[in-house]
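Below is one structure, written out as structure tokens, with a few remarks after it.
The values are calculated or read from the model by the stated rules, or taken from the named source; none is laboratory data. None of the values given here were measured: they were computed from a predicted structure. Quick reminder, even Gly has a Cβ in these numbers, built from the backbone with ideal geometry, and neighbours come from all protein chains shown. Keep in mind that these areas ignore ligands, DNA and RNA; they rest on the heavy atoms of the full protein, side chains included. Shrake-Rupley method; radii C 1.70, N 1.55, O 1.52, S 1.80 Å.
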Amino acid sequence: MIRHALPKCFVIPVSGEDEAFVMEVIMKTSKTGHFNTRVIMEPPVLGRGGTRVIMEPLNLTCRGISDFTLSGIPDLDDLNFWFGFPLALLYLVAILGNITILYIIKVDQKLHEPMFIFLFMLSVLDILIATTVMPKMLWIFWFDNRKMVFDLCLTQLFSIHFLSALESGILVAMAIDRYVAISHPLRYSSILTNKTIKNITLVIVTRGAAGMIPLPLLLKRFPLFKNNFLTHSYCLHQEVMKLACADISINIVYGLFIALSTVGIDFLFIIISYLLLLKMVVSVVAEASLKATGTCVSHICAVIVFYMGFIGIAVVHRFPSSTAPNLHVLFGNIYLLFSPVINPLIYGIKTKQIRTRLGRLFSKMFKSK
């Protein structure tokens, strides 16, 4: 009898002539490295009709892994090198744009108010998110280095989910900031003090850490995986868990709970806050309130960009297109760059204070030359 640690089996007839052939095939399979197989010879145990019990080959694909293989663009391997250049350009735009926002807010004392403090945090998060995925992604496209160590993959997926939760929380904080600025313009500075901002930030970070730390731990408990191939150029919890040779119900339920309790609630809160703002703007005509309303456009655009990417990647994963099978891969490789690239452009164009300061900065640079 041939035994394996995995539970499933099926029964096939094996005659004396076929026995040597079956054993040769299984022994070769166990040595290829594709299967986590251990074959033990024992005296044969016959079933009805002279049958032997042999383990199901499909289960033999489950094995322990030490790394994951990330992907470029499937079926377009010859073009992967060239895809790296537009991605590198997007990364450069994201880094330079957000660093410019950080510099302008830091050097201009007039911008040291709650709205721009939250924008400062948003730019820091955009830089971190882009840097979490882009260096390895470019390494894949340019040098075809697709391997990522198991623990490093778990670290990356935690960082992506954690930073995304923080960004969602900061967008909620910015919605609160706009609500206070419009509904209580004269008490704006006394309500959103530095202490209040620190407390809001602490709540956002604590919520993100408490919610996302279990994700890599839930994946770490799986000893065996079907394979180590990922369809993206980075690691995500929802993709890694599908490779596990075990019941992933806990991962699915917890992942759904976290998505609804963070991004879902945040998005609902932002919608409600703007509905209240809309009602208030209709009834209030104070000049300070109307002026603050104009600053909401930038925030609304940032919200649309962030949640459009988040919802888009979920949709293309759950409803893959037969006419464009690589759509989810293409979208997945760029959706994390949506916010880092577009947010600096939005706030640079739509926010008067930053636009003015940016104009002065460029004029000084040209005059110095």
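Please give the FRET efficiency for Leu345 paired with His112, using the beta carbon to beta carbon distance and R0 = 22 Å, rounded to the nearest 0.05.
E between Leu345 and His112, to the nearest 0.05, is 0.45.
At 7 Å along the Cα-to-beta-carbon direction for both Val297 and Thr206, put a label point, then send me their distance in nm to one decimal.
In this crude spin-label approximation the distance works out to 3.8 nm.
By how many nm would the segment from Lys198 to Val149 lengthen if fully extended, with 0.36 nm per residue of separation less the alpha-carbon distance?
14.0 nm
Could you list which residues have their amide H under 5 Å from that of Asp67, counting only those 5 or more apart in sequence or on another chain, with H placed in the peptide plane?
Phe150
Starting from the residue with the highest accessible area, list Val303, Val149, Val93 in decreasing order, probe 1.4 Å.
Highest to lowest solvent-accessible surface, that is Val149, Val93, Val303.
Sort Trp142, Trp82 by accessible area with a 1.4 Å probe, largest first.
Largest accessible area first, the list is Trp82, Trp142.
Using the beta-carbon distance between Phe81 and Leu278 and R0 = 45 Å, what value does 1/(1 + (r/R0)^6) give for FRET efficiency, to the nearest 0.05?
0.35
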